[in-house]
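Data first, discussion second: the structure below is written as structure tokens.
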Amino acid sequence: MAFDQTKDVLEHAREFHQKLRVFYEELKESASKERTRALLDYMSRHEKYLDDCLVQYEEQVSDNVLDTYFKFGSEATQIAEICEFTIKPEMEVDDVMAVAMHFDACLIKFYREMAQRSLSDKVREVFENLLVMEQHEQIELSKQMLGLGSL
């Protein structure tokens, strides 16, 4: 069984954001309503922003922390929800909003679990910081979606 390091877990989170960005872009191509396409465009750009934030955050974390191993294998440090989701072309704005909130909740759960599984206080701090950041992003996303939903 292969064990992941902190940098591998952060890469899983980045892959999650990248897959979500592609998911929103593909869904935008099949969306029939302008309002839905606008939301999906925003969501795609938002996921790119979050991916970039993770890159910047990782650059600030020490190599010792990034190289720290988890006692769990790769299957316990990946986020499967995006891979298990099916794109439905008939999705409306409310559907997209619900999906986005679901995926945010998945990422929050992931960061919380990684913080709990961390054997090192420094690694735990990394994931607790990411958890707080993602919770803040979820609140901001909710505000943005409420504004788009009322159009």
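A compact table of results
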| item | result |
| --- | --- |
| Residues within segment 26-62 that are polar (S, T, N, Q), modelled with pLDDT of 90 or more and in a helix (DSSP H, G or I), tallied | 3 |
| Of residues in segment 1-10 being of a type in the set (D, E, K, R) and buried (at least 16 other Cβ atoms within 10 Å of the Cβ), the one nearest to E134 (Cα to Cα) | D8 |
| Within segment 63-151, helices (runs of 4 or more DSSP H) holding 2 or more residues that are surrounded by 14 or more Cβ atoms within 10 Å (Cβ to Cβ), under 19 Å from the mean Cα position of the chain (by Cα) and modelled with pLDDT of 85 or more | 93-117, 121-149 |
| In segment 24-62, the residues that are surrounded by fewer than 17 Cβ atoms within 10 Å (Cβ to Cβ), of a type in the set (D, E) and either farther than 22 Å from D94 by Cβ or touching a Ser or Thr at 6+ places or on another chain (Cβ under 7 Å) (or both) | E25, D52, E59 |
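The values are calculated or read from the model by the stated rules, or taken from the named source; none is laboratory data. Keep in mind it's a predicted model, so treat the numbers as computed, not measured. For neighbour counting, all protein chains shown are included, and Cβ atoms are generated from backbone atoms with ideal geometry for every residue, glycine included.
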